[in-house]
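What follows draws every value from the coordinates through simple rules; no lab data is involved. What you see is a predicted model; the values in this text were computed from it and never measured. Reconstructed Cβ throughout: ideal geometry from the backbone, glycine too, with neighbour counts over all protein chains shown.
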Amino acid sequence: MKRISDYTHTELLNLSPTELSALFDIEREIENEKALKFENKEYPMFSFDEKVKFWSGNLHRQMRWQAESGLDPYAIYDLDWYKSVKEKEPYIDAIMNEVFDKYWSSTGGEWSKEEYLKRITESP
């Protein structure tokens, strides 16, 4: 099974729409399998501190991308997001307290804990 990375740019341009679509389907399936493996096998084995670092890095990156795109960095948070995360990570509140206290407040305090809390408690 060939992956996108196995093709040169020119080879990709020469694929038919059907072939390109099939290739993207394969990539999507591989990424989904990786995500499920991480979610079900790797992440649960993380220590509390590793979980704090994981959430701090991933959420900071998403918020930064939003801000760099001229969008609201807090738009990634809402009540539905919170409920979904809480189902998978019951300790998300303690984790986020550590994220704000240990990591985000020491980086110039660019992210507001108050704004985060407001977004996860309000319905859209």
> Put a dot 7 Å past each Cα toward the Cβ at Asp25 and Glu42; how far apart are the dots in nm?
Replying inline: 2.6
>> Angle check, please: helix 48-68 long axis (alpha carbons) against the longest principal axis of the chain (alpha carbons), in degrees 0 to 90, nearest 10.
In response: 70
> Cα to Cα, under 25 Å, and not fewer than 8 places away if on the same chain: which lysines meet these conditions relative to Lys113?
Replying inline: Lys51, Lys53, Lys83, Lys86, Lys88, Lys102
> Which ³J(HN,Hα) values in Hz, rounded to whole numbers, follow from the phi angles of the stretch 11-18 under the Karplus curve 6.51 cos²θ - 1.76 cosθ + 1.60, where θ = phi - 60° and Gly and Pro get x?
Replying inline: 4, 4, 5, 8, 6, 6, x, 5
>> Can you give the local net charge around Tyr91? Use residues other than it whose beta-carbon is closer than 13 angstrom to its beta-carbon, Lys and Arg +1, Asp and Glu -1.
In response: -3
> If we count every other residue with Cβ under 14 angstrom of Asp6's Cβ, Lys/Arg +1 and Asp/Glu -1, where does the sum land?
Replying inline: -1
